[in-house]
Each structure stands twice: as structure tokens, then as C-alpha cells.
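I have placed the structure first, in the form of C-alpha cells, so that the comments after it can refer back to it.
The values are calculated or read from the model by the stated rules, or taken from the named source; none is laboratory data. Quick caveat: nothing in here was measured; it's all calculated off a predicted structure. In this analysis, Cβ positions are derived from the backbone assuming ideal geometry, glycine residues included, and neighbour counts consider all displayed protein chains. Just the protein is used for accessible areas: all its heavy atoms, side chains included, with ligands, DNA and RNA removed. Shrake-Rupley method; radii C 1.70, N 1.55, O 1.52, S 1.80 Å.
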Amino acid sequence: MLSKEVLELSKQHSVIRDIFEFGMQRAKEVGPENVFDFSIGNPSVPAPKEVDETAIRYLQTLDPVEIHGYTSNAGITEVRKAVADSLNRRFGTHYTENNIFMTIGAAAALGICFRTLVDGPEDEIITIAPYFPEYQAYAQGAGCKLVTVLADTSDFQINFEKLEEAVNEHTKAVLINSPNNPTGVVYSEETIQKLADLLEAKQKEYGHSIYIITDEPYREIVYDGFEVPHVPKYYKNTLVGYSFSKSLSLPGERVGYIVAPTEAEDFENLIPCFIAAGRLLSYVSVPSLYQKVIGECVDLTSDISIYQKNKDLFYNALIDMGYECVEPGGAFYLFPKALEEDANAFCERAKKYDLLIVPGDSFGCPGYVRVSYCVPTERIEQALPLFKKLRDEYK
Ligand code: PLP
């Protein structure tokens, strides 16, 4: 007998994955050059050459027993220190290795934060829709409820009236994601300050801490004129989840971290609890080779300018054609309004042109579609006339 809960989850297909699989099948039928797959968020820009050079050098020069050995649960001390120093240079903070816990990407960072904060099924974590669909699985894994609050769709910043209504005595954390998947929106300093003020008041009202968990795998992918505020500077009970999957184009190497600020109320227990929560999730530590590589390459990014070029080209063209879309400040997604009420029907119609895009329903925001532009620029150029034809069908 298999677990009913797991069996049930196994039947809930990822719509994004299904579209991606459809694209691969379709490419076999009509040729890959005729399928325009904007469904998935796999970085299209290679990791900087220093990443591979460092990995090769370590493999050639370090003791194999060391390079392939277990590391301590929280991560290699020198690597945690390199991450802390990098954050300090960037944000003027005063972190040490004791504020950093290395994780297997942002997914494990979030799973561990959830498990650390959640006490039982009545506990709630609030997130802002549209949101990364895997948050549901992380909440289920931690045994809590994920409550979603729709953003203000005029700019996809937080709708504070709705958020305030959703916070209650069971709220353990508010999970935010900026730059955002799927909208590309970057939360302004004003949004972060308002969130901090609201949660300060709610902590007092309910007499317990309410954390902000800030999911930041796209922090470095941010465009001209935008800045990502460092949330712990505004609110001390913040846990930052980070990943090198997107900024360094290393999603398969599975490296990320959690920042636990010294000022957080439960600071002295946080890193030990992350270790314990990791054990509950059968998690040991981040692969040793890539921890070491990150220790040396922590300040590098892959060539972000390509994403900016893609965004400018795609966004401006869609607006000129008459699509409605909030301009992204970062990440590599557009989230335009579907041209009919049912985004699923709209995506089906797009498929006629072999344009593969994802209905916003999967992100908790029906009526919109996610268009992922981490693809070679010429693929966007080739697809634009098809988006125009799709638009013209609705005239
Ligand atoms: N959070 C968001 C918003 C994401 O888009 C992703 C991956 O696409 C993740 C978390 C998981 O990232 P990782 O590969 O680091 O586990």
C-alpha cells in the first residue's frame, strides 16, 4: 500500500512540465525550429567560465577524499564565510559564517524554513499570488496550510488590505518572492517597509513572532533602474532563501543558502533547527565540490545582460501589438493578460502557432499567462510574428 497523500500528489501533474513535454514531442513531429517553447525557467545563459575552471582545478589538485567527502551539516565554514562577506560587501550588513546555512538550492532552503517554523496543521504560511507553484508542495511537506493573497494586479505589488485580512493568530510567516516568478516584478522599498510595519503590528497583536521568508533566487537578475531591497534591514524576523540556480546558471548543481540574521528573535536556535529540520527531510549537506566552487565564485553572475535584451525586445513588442503586461524589473518571465477570460483556452489557441506558454491558473492567478524568455534572442524574434497573428485572432 502506498501513501494516499503521496499518491494523490503524484497525480497532480505540473502543468509547466506537461507543456514542456508536449513541446519535446511536438519538436519531433514538426522540427525543433518550429516549436517556440516559452514554458520553462531553465537559464539559457551558460555559467561563467570561472565556475568550470574552478571545478576542474579543484578536481585536479585537491585530495579526492576531501573533495568528495561529507561536509558539516551547515556547510563548509570557509564557504559560509565567503557568502557572508559577499552579502556584507553588497548590502553593508555584518554577517559572519554563523548567519549562513548552505542548502540544496532554494527549494531546500524554503522546505527547511517551513519545517523550522511550523508546529502543526493549523499553522499557516501566507504567500502572494501569483506564486511559484511548488510552494504548495513545500507547505504540504511541512504539514501546514499555504494561504494565498492575490497581489494588486495593476502593478503586482502586495495588496496590503487583503494581506492584513489574511494574517491571524495561526500565521507563522509571510513568504515573498522578488524578483517574482511569474510576474518579474521587483518589490519596491515602499512595499517592503509597509510589509515590515504591518507584521511588526501583527506580532504585537498576537504576541508571537511572524517571520518574513524571502525567496530570492532571482536577486541578481534585475534590470536597469531596479534594486532589490535587503529585507532583513527592514524587518529583523526575516529568513532569506537564496540559490545559485539562476544567477550562476547552476540549477543542476543544487547550491543555495539561508541567511538567519543575528537580530532575529530565535537566532541562537535557528541554525541548529535548520540542521534538525534537514534531518527530518532526510537531508544531509550540499555537494562538497560545488560548495567549494561557490566559495570562490560567489560574486560572479552569468551574463544577465542577455535577459535584459530579451525582456526589452519581448515586452516592447507585445505592448506594441496591444497585449497588456506589467513591465518586469527582473527574473526572466513576462506575465501578460490572456486575450480571453480563460487563460487555458488562450494557451490552447497559442499552441496552434506552436507557441508554448503557461496559464496563470497554475500560479494562482487565472486570466494571465506566463511567458518565460530565458531562450536565445533569435527564438523571440522568430516568435513575434506568431504572437501578432494570435493577437489578430481576437480583433
Ligand atoms: N523559488 C522560485 C521562485 C523559483 O522560481 C524556483 C525555481 O524555478 C525555486 C524557488 C527553486 O529553485 P532551486 O533550483 O534553487 O531549488
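Scanning region 122-150 for residues that are of a type in the set (Gly, Ala, Ser) and either within 14 Å of the ligand (Cβ to nearest atom) or surrounded by fewer than 21 Cβ atoms within 10 Å (Cβ to Cβ) (or both) returns Ala129, Ala137, Ala139, Gly141, Gly143. When Phe160 is tested against the conditions (1) of a type in the set (A, V, I, L, M, F, W, C); (2) open to solvent by 30 Å² or more (accessible area, probe 1.4 Å); (3) within 16 Å of the ligand (Cβ to nearest atom), the lone failure is (3). The listed residues are Glu348, Glu253, Glu263, and the only one of them that is open to solvent by 20 Å² or more (accessible area, probe 1.4 Å), within 30 Å of Gly207 (Cα to Cα) and among the charged types (D, E, K, R) turns out to be Glu263.
The set of residues in region 63-84 that are over 15 Å from Pro287 (Cα atoms) and open to solvent by less than 60 Å² (accessible area, probe 1.4 Å) comprises Ala82, Val83, Ala84. Of the residues making up region 262-277, those that are of a type in the set (Gly, Ala, Ser) and under 17 Å from Asn98 (Cβ atoms) are Ala264, Ala276.
Yes or no, residue by residue, for (1) at pLDDT 95 or above; (2) among the basic types (Lys, Arg); (3) within 23 Å of the chain's Cα centre (by Cα):
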residue	(1), (2), (3)
Ala27	no, no, no
Pro48	yes, no, yes
Glu66	no, no, no
Ser72	no, no, no
Arg80	yes, yes, yes
Ile100	yes, no, yes
Ile104	yes, no, yes
Ala109	yes, no, yes
Cys113	yes, no, yes
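Tell me, yes or no, whether region 2-22 has at least one residue that is assigned to a helix (DSSP H, G or I) and open to solvent by less than 30 Å² (accessible area, probe 1.4 Å). Among the residues of region 2-22, at least one is assigned to a helix (DSSP H, G or I) and open to solvent by less than 30 Å² (accessible area, probe 1.4 Å), which makes the answer yes.
Pairing each residue of region 245-257 that is among the hydrophobic types (A, V, I, L, M, F, W, C) with any residue that is open to solvent by 10 Å² or more (accessible area, probe 1.4 Å), provided the two are 6+ apart or on different chains, yields C-beta distances under 6 Å for Leu248/Ala47; Leu250/Ala47; Val255/Tyr290.
Among residues of region 200-218 being over 12 Å from Ala173 (Cβ atoms) and surrounded by fewer than 22 Cβ atoms within 10 Å (Cβ to Cβ), the one that is nearest to the ligand (Cβ to nearest atom) is Glu200. Being crowded, with 17+ Cβ neighbours inside 10 Å and over 26 Å from Cys273 (Cα atoms) is a description that does not apply to Tyr95. Got a number for residues in region 219-250 being open to solvent by less than 10 Å² (accessible area, probe 1.4 Å) and aliphatic (A, V, I, L, M)? Looking only at that region, the number is 5. Checking each residue in region 122-131 for being assigned to a loop (DSSP other than H, G, I, E, B) and within 15 Å of Ala173 (Cβ to Cβ) picks out Glu122, Asp123, Tyr131.
At least 2 residues being within 16 Å of the ligand (Cβ to nearest atom) is the threshold, and among the helices (runs of 4 or more DSSP H) wholly inside region 42-121 those reaching it are 105-117. Remark: pairs (first residue in region 345-358, at positive phi; second residue of a type in the set (A, V, I, L, M, F, W, C) and buried (at least 17 other Cβ atoms within 10 Å of the Cβ); Cβ separation under 8 Å; 6+ apart in sequence or on different chains) = Asp354/Val35; Asp354/Phe36. Among the residues examined, Glu268 does not qualify as open to solvent by 20 Å² or more (accessible area, probe 1.4 Å) and either within 12 Å of the ligand (Cβ to nearest atom) or in contact with a His (Cβ under 9 Å, 6 or more places away or on another chain) (or both).
Check whether at least one residue in region 176-194 is within 16 Å of the ligand (Cβ to nearest atom), assigned to a strand (DSSP E or B), over 30 Å from Leu7 (Cβ atoms) and open to solvent by 30 Å² or more (accessible area, probe 1.4 Å), and report yes or no. Among the residues of region 176-194, not one is within 16 Å of the ligand (Cβ to nearest atom), assigned to a strand (DSSP E or B), over 30 Å from Leu7 (Cβ atoms) and open to solvent by 30 Å² or more (accessible area, probe 1.4 Å), which makes the answer no.
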